[in-house]
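Accompanying notes for the structure given below.
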Amino acid sequence: MAEALPPQLRQIQHHLRTGQEHEKRDPVVAYYCRLYAMQTGMKLDSKTPECRKFLVKLMDQLETMKKELGDNESISQELVGHAHIENYALKMFLYADNEDRSGRFHKNMIKSFYTASLLLDVLSVFGELSEENFQHRKYAKWKATYIHNCLKNGEVPQSGPIGMEGEEYDDEYDVEHGAASQPSQPSPHVLPRDGPGANTNFSNIQIPPGAHAPANTPAEVPHFTGEPCNPVQPVPQNIPVVDPSLLNASQQGEVRLTPEDYTRAQKYCKYAGSALQYEDVGEAIQNLQKALKLLTTGRE
C-alpha cells in the first residue's frame, strides 16, 4: 500500500510486505496476508486517526481483491483457502528445512523460513492453529533468526533441530537485505527466555510428509542478487504405494457417514488438489486414499 504504515501497526509490516511480494505471484496468498494484517491491526489500534485511515484503505483494498478473485474457490470457500495457505507455508518450510539439513545456509533459505512463519501466522484467520502448525511457526521463526545471527557474527550455524535458546528477532530486521536496526521498544517477535518454551528441544518435531524430499521449491522462492548460493536440484519424489483395496472402491455394507465424515473427506480432496498445484504427487495420493477409505468404510 502507498499509505505509510503508522508506528502503532509495526507488528504487521512483514505480513503486508509478504502480501505485496505475492501480489502477482499468488494473489490468494496476498489476499489472506492483508486480511490477517487488517484483523491484527484492528486489535492493535483502530482508534487513532492515522491507524483508522490506514485500516480503512486496507479494507477497501481487500474488498477490491475479493471482487476480482470472486471465482477463486480459495477465496469463496474457507476450507480451500486454508489448504492453499497451509500448503504454501509448508512448502516454504520444507524448502528451507531441506537447505538447513544439507548445510546450505544463505539469505534465500533464511527468508523462506521467516516467510513460512508469517504465513503460519496468517492461518489464524481461519481459526486457532493446530499444535503442529504452532510448533512449525515457532521453529521456523527461531531458525530464521538463529541462522541470520550466526552468519552475521561469522559463526557456522548448526543444522537441523537443536535445543532452542532465546533469540530476539528485531522487527526492523530485513532478511532480504540482511540489515537490522535497533528497535525503539521491545520487539513483539521475541521468543521467551524463561518459562516452558524457553529451551524447547525440537529434535522430535513432527515434520510434514516430504520434508526431506520436497517435490519442488515453492511456486516462487524469493530471489536475491547478493551473495551467490548453491543451486538446489529437484529431489526425486517417493510415491506411496496405492492400497489395492481402494482401486475398485465401493461402500462396504451399510456405511453411515456423518456430516463430519463428509467434511473430512472434502478436506482431504481439497488438500490433494492443493498438493498437485505444487506437483507433490505423493501428498496428493495419500490424501485421496484417506478420502476413499473414509467414504467406503466410515473410518480413517
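Hydrodynamic estimate: the Kirkwood radius of the range 71-169 over Cα pairs, inserted into Stokes-Einstein at 4 °C and 1.567 mPa s, corresponds to D of 92 µm²/s.
Here the Karplus relation 6.51 cos²θ - 1.76 cosθ + 1.60, evaluated at θ = phi - 60°, turns the backbone of the range 78-83 into coupling constants of 4, 4, 5, x, 4, 4 Hz, with x for every Gly and Pro.
Largest accessible area first, the listed residues F134, F126 line up as F134, F126 when surface is computed with a 1.4 Å probe on the assembled protein chains. By accessible area, using a 1.4 Å probe on protein heavy atoms only, the range 6-64 has 54% of its surface on carbon and sulfur. A Förster distance of 41 Å, applied to the separation of the beta-carbon atoms of M59 and E254, puts the FRET efficiency at 0.25. Can you tell me how the range 3-138 classifies by the Cα gyration tensor, rounded, prolate or oblate, using a/c under 1.5 as the rounded cut? Prolate.
At 1.4 Å probe radius, can you tell me the per residue accessible area of the range 18-136 in Å²?
Dividing the accessible area of the range 18-136 by its residue count gives 42 Å².
What shape does the range 24-81 take by its C-alpha gyration tensor, where a ≥ b ≥ c are the square roots of the eigenvalues and a/c under 1.5 counts as rounded, a/b above b/c as prolate, and the rest as oblate? Since a/c reaches 1.5 and a/b is larger than b/c, the shape of the range 24-81 is classed as prolate. Estimated at 0.36 nm per residue, the fully extended path between D261 and E3 surpasses their Cα-Cα distance by 88.3 nm.
The values are calculated or read from the model by the stated rules, or taken from the named source; none is laboratory data. What you are looking at is a predicted structure, and each value in this text was computed from that prediction instead of being measured. Because the Cβ atoms are built from the backbone with ideal geometry, glycine has one as well, and the counts that use them run over all protein chains shown. Quick note on the areas: whole protein, heavy atoms, side chains included, nothing else; ligands and nucleic acids left out. Shrake-Rupley method; radii C 1.70, N 1.55, O 1.52, S 1.80 Å.
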